[in-house]
Amino acid sequence: VRVAMITVDHKDTAVAIGHMLGIVDETYNDALTGPQLDEMSDDDLRQAVLVNNVFARASPQNKIRIVKALQAEGQIAGMTGDGVNDAPALRAADMGVAMGKEGTDVAREAAE
């Protein structure tokens with residue numbers, strides 16, 4: 001099981017949190033940003049999701065593309081989220097998990 005983080009946070013913040021979580025290391029040592037993902041072809045993204053664990057400044061569209069790229073590479077993708085912006089990726093994932101009591105109804109419905 002490999003854990004990756006997709007966040008709307010700034011890249012530096014995301015990398016710092018990734019270090020604390022142990023998902024940024026010598027093998028997975030950087031983060032890609034939403035604008036970088038936007039510039040990638042689907043084939044390039046499929047390769048990028050295999051060598052990056054942190055995705056920062058990600059839009060809802062980026063989240064879906066990441067999930068689908070992982071699936072295209074034969075990975076089973078689980079997604080957690082708590083907001084309306086997470087709902088499309090929660091639905092696209094093999095397993096979507098809506099987070100906490102504060103999560104929106106839209107996220108909970110998409111995760112079901």
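The values are calculated or read from the model by the stated rules, or taken from the named source; none is laboratory data. These figures come from a predicted structure and were not determined experimentally. Reconstructed Cβ throughout: ideal geometry from the backbone, glycine too, with neighbour counts over all protein chains shown. Just the protein is used for accessible areas: all its heavy atoms, side chains included, with ligands, DNA and RNA removed. Shrake-Rupley method; radii C 1.70, N 1.55, O 1.52, S 1.80 Å.
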Task: Residue within segment 22-44 that is open to solvent by 40 Å² or more (accessible area, probe 1.4 Å), hydroxyl-bearing (Ser, Thr, Tyr) and part of a helix (DSSP H, G or I) present - done: no
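Restricting to segment 22-35, count the residues that are in contact with a strand residue (DSSP E or B) (Cβ under 9 Å, 6 or more places away or on another chain) and within 22 Å of Leu90 (Cα to Cα). Steps first, answer last, please.
Keep residues of segment 22-35 that are in contact with a strand residue (DSSP E or B) (Cβ under 9 Å, 6 or more places away or on another chain), which gives 23-24, 28, 30-34.
Remaining after also requiring within 22 Å of Leu90 (Cα to Cα): 23, 31-34.
Residues that pass the stated criteria total 5.
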Open item on the list: With the requirement that a residue be modelled with pLDDT of 85 or more and open to solvent by 30 Å² or more (accessible area, probe 1.4 Å), what does segment 93-112 give you?
Closed with: Asp94, Met95, Val97
